[in-house]
Amino acid sequence: MAGATPNLLPILAVVAATASFQVGAALAKGLYPTMGPEGAAAVRLVLGAAVLLAFARPWRRWPTGARVAPLIGLGVAAGGAVLFFYLAIDRLPLAIAISLQFLGPLAVAVLGSRKPSDLLWAALAAGGVWSLVGAGAGGVQAFDLLGIGFALAAAASWAAYILVGRVASAAFGATTAALATSVSAILVLPVGVATAGSALLTPALLPLALVVAVISVAVPFSLEAFALPRLPARTFAVLTSLEPAWGVLSGLILLGERLALLQVAGVAMVMSAAAGAAWSSSARKPAAVPEAPPA
């Protein structure tokens, strides 16, 4: 018991971070009637970047000779993860969108390991996806196929975020999140302006937008920054698999989204597959970068 105590606070920090991401996503839907998902993604990234830059102040310790290309790639991946996820939850329940998005890191974990057990996690994930979108009333046709496409695009962006993030983080260290989110904001802002226009500056919505940015960025990244050096990589990755569960609760409590029992089972299957793949494929060493994008 004594040896487990030092890990309790970082474990709780990761759990709180995963909850914060999903609560922030649920609250972001309050911006949709006025500025749409593209505008909400743009405002959330711009304000999130401002918050992270204020804390990290990366200009004070810019690494000499660091390659900028991986950082730009990370920003593109993070921006895609946020934008496509926000587009997905405009058409799908929050829990289903985040479960489909989890296929990205799950694929990275499974493809990065050659253990036979990884076939089990892949099969479990496939069963979970079928329970989510294929075996419900009406099958896949009951869901918005474009929404499913957006969720899968967010999954691909998340996978790219993980792969590119390891290179960028090695060069830019603790300032990586602030810099990558700034790149994302620069890329997504024109999309938000093109679709929402002056609605992005609606005074009545700016407080909610700031709350979304703080809950989705400042809080989880601060908690993860505390937990990452104190937990083995696979423990951190397994704990992030709780996000779909928080998606179920946030969708139910904040948005009134209810899932069928089979769909809840699908969420549980995707969570189990992600947790199992992360546990079996990660070496027991401190994590280097966040496993979750700033979504």
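Side notes on the structure shown:
- Residue tally, condition in contact with a Gly (Cβ under 8 Å, 6 or more places away or on another chain) and outside any helix (DSSP H, G or I), over segment 68-126: 4
- From the options Leu254, Leu239, residue that is buried (at least 21 other Cβ atoms within 10 Å of the Cβ) and either assigned to a helix (DSSP H, G or I) or out of contact with any Ser or Thr (no Cβ under 8 Å at 6 or more places or on another chain) (or both): Leu239
- Test: Ala180 is of a type in the set (A, V, I, L, M), crowded, with 20+ Cβ neighbours inside 10 Å and at pLDDT below 90: yes
- In this entry, Phe21 is excluded by the filter for residues that are over 24 Å from Ala245 (Cα atoms) and of a type in the set (Phe, Trp, Tyr).
- Scanning segment 160-196 for residues that are of a type in the set (Phe, Trp, Tyr) and farther than 14 Å from Ala56 by Cβ turns up just one, Tyr161.
- Test: residue in segment 76-96 that is modelled with pLDDT under 80, β-branched (Val, Ile, Thr) and surrounded by 19 or more Cβ atoms within 10 Å (Cβ to Cβ): no
- In segment 210-235, residue nearest to Gly75 (Cα to Cα) [restricted to those that are part of a helix (DSSP H, G or I) and in contact with a Lys or Arg (Cβ under 9 Å, 6 or more places away or on another chain)]: Val217
- Criterion (within 22 Å of Ala156 (Cα to Cα), modelled with pLDDT of 90 or more and not β-branched (Val, Ile, Thr)) met by exactly one of Ala41, Ala69, Ala50: Ala41
- Of the residues making up segment 262-282, not a single one is under 22 Å from Ala54 (Cβ atoms), β-branched (Val, Ile, Thr) and in a helix (DSSP H, G or I).
- Residues of segment 243-259 classified as within 22 Å of Trp158 (Cα to Cα) and among the β-branched types (Val, Ile, Thr), total: 1
- Reported count of residues in segment 177-209, each being assigned to a helix (DSSP H, G or I) and farther than 30 Å from Pro70 by Cβ, is 11.
- Selection status of Leu208, surrounded by fewer than 16 Cβ atoms within 10 Å (Cβ to Cβ) and in contact (Cβ under 8 Å) with a residue 60 or more places away in the chain: no
- Test: residue in segment 55-70 that is within 16 Å of Ala178 (Cα to Cα) and crowded, with 24+ Cβ neighbours inside 10 Å: no
- Just one residue in the set Thr195, Thr235 is among the polar types (S, T, N, Q), in contact (Cβ under 8 Å) with a residue 60 or more places away in the chain and within 25 Å of Val43 (Cβ to Cβ); that residue is Thr195.
The values are calculated or read from the model by the stated rules, or taken from the named source; none is laboratory data. Everything numeric here is computed off the predicted structure, so don't read it as measured data. Ideal geometry is used to build each Cβ from the backbone, glycine not excepted, and the neighbour counts take in all protein chains shown.
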